[in-house]
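Colleague: Okay, here's the structure, questions in a sec.
The values are calculated or read from the model by the stated rules, or taken from the named source; none is laboratory data. Since this is a predicted model, take the numbers as computed values, not measurements. Neighbour counts are summed over all protein chains in view; Cβ atoms, including those assigned to glycine, are modelled from backbone coordinates with ideal geometry.
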Amino acid sequence: MLTASGALLLGYAATGYARAVVARDAARAAWDAAEARRAVAGVRSLAVGGGARADYATGAPVARLLIPRLGMDEVVVEGVGDDELRAGPGHLPGSALPGEVGNAVISAHRDRHFHALDELRTGDTVRTTTADGVTASWVVTGRRVVPKDAPALFASRSPRLTLTTCWPVRYLGPAPERLIVTAEPLADSGGAPPPGI
Amino acid sequence: MNRQIRILVAAAALLAGSAAEAAAQFTGVVTPPPTRREQAAVARADSASRSPGARDSTNAARLTDMKTWVDSATVALAGSAAPPPAAAADTAADSTTRAGVAAGRRRVAAVMPATMHDGARAPDTATQLPTLAVLGAFGIGAGLVLMGRRRSA
């Protein structure tokens, strides 16, 4: 009985992780297809904040997030619901897109796409490319831990990137806190990718 | 030991039960009797107000300042322009409604933080999968150990 219950729980968890892998692959395929279309159309722009913002459907890939030091390369999807967070880091609706003026908020689960976020340190470089082709480079300027119900996200009059996940990362049960990592645009990047990426 | 626990529980229940009654008994304030010095001061003031000279001077002052008082009272009444009771009630209702709406918005923001606003809390990225995986692995391990012991026995 105990073994059967354990197998059931383990199977459920394994199914959840397997569905996440499938959803992640689907998001990556959708991103690749969109990028190919963009390349063909020749509408790629490297200017930070350039171009009009498109509205994305929930679950649609909206950006690509790269953190070279952590080897992280994730496709960000629109929305932060269960289905979206299964596929990849989610862009909080209503927040700016990375590279736009405002606070761009991207969240993900601590046991999947942002499992290494606690290793991100001040001064690390982050690079984002939106589905519109807006590329931006960021430098991590701070990280803090807040209770899960505390105000953590604030509007900004300048481009800002905020990455969030649950905290502590290795915690059994619903994590009681949130890790908030903030990044500011690299002053000298000018929208160009930093060396080494 | 059990008896001590019972006594403690009974005492706690007694205190909890008698708390409301005790609070009701101490709602009034018992004024201490005036001291001799206070009694003397009250007597002096009373005799002064009852003396004919004092009464006359007080009356004269009131009569002299009556016109000024009436003028000032008229200005004060015109300036204050207190709202009628209905308007006051409306204002109170509006403020209550606004407070309710604000509280409702706060509750909604707390429950559904899935959109960005200033002061929003971070999205709910909590997941039960690691816990379920660990519990499942523990269950399987414990079950296998128990089965092995049963076989060996």
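Colleague: Against the condition within 7 Å of another protein chain (Cβ to nearest Cβ), without any contact (Cβ under 8 Å) to a residue 60 or more places away in the chain and not charged (D, E, K, R), how does A:ALA108 come out, does it pass?
Modeller: Values: within 7 Å of another protein chain (Cβ to nearest Cβ): yes; without any contact (Cβ under 8 Å) to a residue 60 or more places away in the chain: yes; not charged (D, E, K, R): yes.
The answer is yes for A:ALA108.
Colleague: Restricting attention to the stretch B:123-144, which residues are crowded, with 17+ Cβ neighbours inside 10 Å and more than 49 Å from the chain's Cα centre (by Cα)?
Modeller: B:GLY139, B:ILE140, B:GLY143
Colleague: Please verify whether the stretch B:123-131 includes one or more residues that are more than 7 Å from every other protein chain (Cβ to nearest Cβ), at negative phi and modelled with pLDDT of 85 or more.
Modeller: yes
Colleague: Within the stretch A:125-138, does at least one residue satisfy the condition of being within 27 Å of A:TYR17 (Cβ to Cβ), of a type outside the set (A, V, I, L, M, F, W, C) and facing chain B (nearest Cβ under 10 Å)?
Modeller: No, every residue in the stretch A:125-138 fails to be within 27 Å of A:TYR17 (Cβ to Cβ), of a type outside the set (A, V, I, L, M, F, W, C) and facing chain B (nearest Cβ under 10 Å).
Colleague: Then there's this: Go through A:GLY94, A:GLY142 for me and flag whichever is of a type outside the set (Val, Ile, Thr), part of a loop (DSSP other than H, G, I, E, B) and surrounded by fewer than 22 Cβ atoms within 10 Å (Cβ to Cβ).
Modeller: Working: A:GLY142 fails: part of a loop (DSSP other than H, G, I, E, B).
Being of a type outside the set (Val, Ile, Thr), part of a loop (DSSP other than H, G, I, E, B) and surrounded by fewer than 22 Cβ atoms within 10 Å (Cβ to Cβ) holds for just one of A:GLY94, A:GLY142, which is A:GLY94.
Colleague: Moving on to the next point. Run down B:MET147, B:MET116 and say which single residue is at the interface with chain A (Cβ under 9 Å from one of its Cβ atoms), surrounded by 13 or more Cβ atoms within 10 Å (Cβ to Cβ) and either at pLDDT 60 or above or in a helix (DSSP H, G or I) (or both). Lay out the reasoning, then the answer.
Modeller: Details: B:MET147 fails: surrounded by 13 or more Cβ atoms within 10 Å (Cβ to Cβ).
Exactly one residue qualifies, and that residue is B:MET116.
Colleague: Would a scan of the stretch A:145-156 turn up a residue that is in a loop (DSSP other than H, G, I, E, B) and of a type in the set (Ser, Thr, Tyr)? Explain how you work it out, then say what you get.
Modeller: The first filter runs over the stretch A:145-156 and keeps only residues in a loop (DSSP other than H, G, I, E, B), leaving A:148-150, A:154-156.
Still in the running and of a type in the set (Ser, Thr, Tyr): A:156.
Yes: one or more hits.
Colleague: Somewhere in the stretch A:164-186, is a residue touching a Ser or Thr at 6+ places or on another chain (Cβ under 6 Å), facing chain B (nearest Cβ under 7 Å) and farther than 30 Å from B:ALA133 by Cα?
Modeller: Among the residues of the stretch A:164-186, not one is touching a Ser or Thr at 6+ places or on another chain (Cβ under 6 Å), facing chain B (nearest Cβ under 7 Å) and farther than 30 Å from B:ALA133 by Cα, which makes the answer no.
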